[in-house]
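Just below is one structure, and these are the notes that go with it.
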Amino acid sequence: MFINERLNEALKKREAEDALRQLRVSNGLVDFCSNDYLGFAQNEQIKNYLAEQLPQLRKIGSTGSRLLKGNYSLIEQVENQLAQFHDAPTALFFNSGYEANSGLIASVVSRHDTIIYDELCHASLREGIRLSAATAYSFLHNDMAALEDKLQKAKGEKFIVIESVYSMDGDVCPLLEIVTLANQYQAAIILDEAHATGVIGNKGEGLAQHLGLQHQIFARVHTFGKAIGSNGAVVLGEPVLRNYLINFCKPFIYSTAPNYLQVLAVSKAYHLLQNGEAAIVQLWENINRFKFLTQRFSHISILKSDSAIFSVIIPGNEQVKLAAKYIQNAGYDVRAVLSPTVPAGKERLRICLHSFNTELEILRLVKLLEQIVTIIDNDTTEEA
Ligand SMILES: Cc1ncc(COP(=O)(O)O)c(C=O)c1O
């Protein structure tokens, strides 16, 4: 069929650019790439809790959207639990962070408004921006002068869309400065806390609460597919926002509600955070250990990070893929992030640290990085 030819052409082009994406089944290597920062996806307490609850469940699937048969008291209780934990007036559960981000922005922002978003914002936020049809300006990553410049140009209601921790670079947004500008220009902030949830703050409450700025943010999105070890997300905000989303947000209205096991897993994970989960301390010990060790090798080009995500820049899709393979062959699961996912020249090994990585594993990984950079440096010198 003609359409298949067109699809094939697009795939061939990707292949020629060394940028073809392929699915792989996980491999039993040492995990330096998953988003399971606290090991909650494999946590025995959470698994045992689900095993205890399972026989008591009348059903697993929610069997409908929230507005039809899919609403149930457990999901509302957990929304209240999460709203309390995050010091928010209300919470609304979504099936994924992608749906929460895209649905929130697409429904709340009108085409007469202006959205100003950080240039490194996640695809789910961009999708919401596209669907809203609002005037949208990106601003230079974390650059407050650029943000202010765009705020001055904005018409209609103004929205600032940002992330607490940027998922590719691992750095943190200057939230206090952004809140100050938002107040000055009467802009509403939409904050994606995906990679800050469970990571930033003593209890993993996220950046806004850690800085005491939670009441200055219009909508916060916390996702559960990363440190919480499950999947789904909540949008936190005033009751009017929750009611509005229930009425106007398409991914919420027209999708089957989250299932019981997912909601129970999220609830248990948050109980662990509430009770001062030791894994957060272990995670930060490992983050600091990795930073300390890599700083000894100044020629390893690592982007500044204040989170569990570290990017080692190795320009070129082919080169970075070879580097990932080298580390994988040594038993460590590190993935290459290729262009066009990141800009050409900024291809990288994206390394995620976890509470469960051992001191020895981290040391060995840093040594492997050092070897790779030395090999590349030598190659470049020979070519020159
Ligand atoms: C910053 C950010 N926001 C949102 C999402 C989407 O969340 P989910 O995986 O729950 O759909 C991701 C996932 O990769 C992310 O990195």
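The values are calculated or read from the model by the stated rules, or taken from the named source; none is laboratory data. Here the structure is a predicted model, which is why all the values come from computation and not from measurement. Don't worry about glycine lacking a Cβ; one is built from the backbone with ideal geometry, like all the others, and counts go over all protein chains shown. We work out accessible area using only protein heavy atoms, side chains counted, and drop any ligands, DNA or RNA first. Shrake-Rupley method; radii C 1.70, N 1.55, O 1.52, S 1.80 Å.
When ILE60 is tested against (1) outside any helix (DSSP H, G or I); (2) within 15 Å of the ligand (Cβ to nearest atom), just one condition goes unmet, and that condition is (2). Suppose we filter the range 180-209 for residues that are out of contact with any Ser or Thr (no Cβ under 9 Å at 6 or more places or on another chain) and within 23 Å of GLN282 (Cβ to Cβ); how many remain? Number of matching residues: 5.
A quick yes/no check of all residues on (1) within 16 Å of the ligand (Cβ to nearest atom); (2) on the phi > 0 side of the Ramachandran plot; (3) in contact with a Phe, Trp or Tyr (Cβ under 6 Å, 6 or more places away or on another chain); (4) at pLDDT 95 or above:
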| site | (1), (2), (3), (4) |
| --- | --- |
| GLU127 | yes, no, no, yes |
| ALA134 | no, no, no, yes |
| ALA182 | no, no, no, yes |
| GLN186 | no, yes, no, yes |
| ALA219 | yes, no, no, yes |
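Looking at (1) open to solvent by less than 20 Å² (accessible area, probe 1.4 Å); (2) within 21 Å of GLY39 (Cα to Cα); (3) assigned to a loop (DSSP other than H, G, I, E, B), can you tell me which one VAL342 breaks? Of the numbered conditions (1) open to solvent by less than 20 Å² (accessible area, probe 1.4 Å); (2) within 21 Å of GLY39 (Cα to Cα); (3) assigned to a loop (DSSP other than H, G, I, E, B), the odd one out for VAL342 is (2).
Within the range 80-97, residues that are over 13 Å from GLY237 (Cβ atoms) reach partners that are within 15 Å of the ligand (Cβ to nearest atom) and acidic (Asp, Glu) with beta carbons closer than 9 Å, at six or more positions or on different chains, in the pairs GLY97/ASP192.
Look at (1) hydrophobic (A, V, I, L, M, F, W, C); (2) more than 21 Å from ASP36 (Cα to Cα); (3) open to solvent by 30 Å² or more (accessible area, probe 1.4 Å); (4) in contact (Cβ under 8 Å) with a residue 40 or more places away in the chain and you find that ALA136 fails only one, number (4). Residues that are in contact (Cβ under 8 Å) with a residue 60 or more places away in the chain and out of contact with any Asp or Glu (no Cβ under 9 Å at 6 or more places or on another chain) number at least 1 in the following helices (runs of 4 or more DSSP H) confined to the range 154-269: 239-248, 250-253. Out of curiosity, is SER96 within 15 Å of the ligand (Cβ to nearest atom), polar (S, T, N, Q) and open to solvent by less than 60 Å² (accessible area, probe 1.4 Å)? Criteria met by SER96.
Can we say ALA233 is surrounded by 23 or more Cβ atoms within 10 Å (Cβ to Cβ) and at negative phi? Break it down stepwise before answering.
Working: surrounded by 23 or more Cβ atoms within 10 Å (Cβ to Cβ): yes; at negative phi: yes.
Criteria met by ALA233.
If you go through the range 99-133 and pick out every residue that is open to solvent by 20 Å² or more (accessible area, probe 1.4 Å), more than 16 Å from the chain's Cα centre (by Cα) and among the hydrophobic types (A, V, I, L, M, F, W, C), you end up with 4. Per the conditions (1) surrounded by fewer than 20 Cβ atoms within 10 Å (Cβ to Cβ); (2) in contact (Cβ under 8 Å) with a residue 40 or more places away in the chain; (3) over 20 Å from THR223 (Cβ atoms), the sole criterion not satisfied by GLN274 is (3). If you go through the range 312-339 and keep only what is touching a residue at least 40 places away in the same chain (Cβ under 8 Å), surrounded by fewer than 16 Cβ atoms within 10 Å (Cβ to Cβ) and among the charged types (D, E, K, R), you end up with just GLU318.
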